[in-house]
Amino acid sequence: TMSAIEGSSRRISDITGLIDSIAFNESRGGMPWARAKIMAADIYAARGKTDSAVAEYDGLIKDEPGIELAYRLAGRALLLANQEARAKWYLQQAYTLQPSAMTGFALGKIELKEKNLPGALALLQQAVQMSPNMAPALYELSLAYALSHDIDRARSTAIRLAQIAPNYPGLPQWMSTIGLVQR
């Protein structure tokens, strides 16, 4: 049962023992294989073992290439480990299978860092379209507009961000930079 696994995860500090117990439980029909792989990957990711986590997600992707979640979680684990170049491919696959605001935002931010302004703008615009109040996406979109020399859109996006998240980190300085005074 799930509660037995949760209880064992608190008692077992050894990663190998915990992964083995998940595998054993799965082999006895205690949980679906995909769920076991994701649990194992989550444990690895939480302990900073990014390559092991991604290997678990890759195993799931190999058997079920249409599962968007596996690509998204692999991308997230790599982002958390500051491995954006590796994360990008997984996030692109996830976004192709099932576009989401968070995945579009993550990809848009990577494109912005890589100085691909058209790609960044398209992804960040889609992220904001899917989730109009996502403050980080609005902030990055305002930056992307400014870098693209579209100061009017940079300002209007910053104003919209100020309306929904007036205390967003860095917003007052950014508004000042693009010639706006926050009221």
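The values are calculated or read from the model by the stated rules, or taken from the named source; none is laboratory data. Note that the structure is predicted; figures quoted are calculated from it, not measured. For neighbour counting, all protein chains shown are included, and Cβ atoms are generated from backbone atoms with ideal geometry for every residue, glycine included. The area values use the complete protein model at the heavy-atom level, side chains included, leaving out ligands, DNA and RNA. Shrake-Rupley method; radii C 1.70, N 1.55, O 1.52, S 1.80 Å.
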Starting from the Cα gyration tensor of the stretch 30-93, take the square roots of the eigenvalues, sort them a ≥ b ≥ c, and report rounded, prolate or oblate (rounded when a/c is under 1.5, otherwise prolate if a/b is larger than b/c, else oblate). oblate
So if each residue of separation counts as 0.36 nm, and I subtract the Cα-Cα distance between Glu64 and Gln92, what length gain in nm does that give? 8.4 nm
So, in nm, how far is label His149 from label Ile178 when the simple model puts each one 7 Å beyond its Cα toward the Cβ? 1.7 nm
Expressed as a whole number of Å, what is the distance separating the alpha-carbon centroids of the stretch 99-119 and the stretch 120-183? 14 Å
Rounded to one decimal in nm, the spacing of the 7 Å Cα→Cβ label points at Glu84 and Gln129 is 2.4 nm
Can you give the extra length, in nm with one decimal, that the chain gains between Lys115 and Ser156 once fully stretched, where that is 0.36 nm per residue apart less the Cα-Cα distance? 12.6 nm
Grab the other residues whose beta carbon is less than 13 angstrom from that of Gly75, score K and R as +1, D and E as -1, and report the net. +2
Which percent of the accessible heavy-atom area of the stretch 27-133 goes to carbon and sulfur, probe 1.4 angstrom? 52 percent
Karplus couplings for the stretch 39-46 from phi (6.51 cos²θ - 1.76 cosθ + 1.60, θ = phi - 60°), rounded to Hz, Gly and Pro as x? 4, 4, 4, 4, 5, 4, 4, 5
Among the lysines, select those whose C-alpha is under 27 Å from the C-alpha of Lys115, and discard any that sit fewer than 8 residues away in the same chain. Lys88
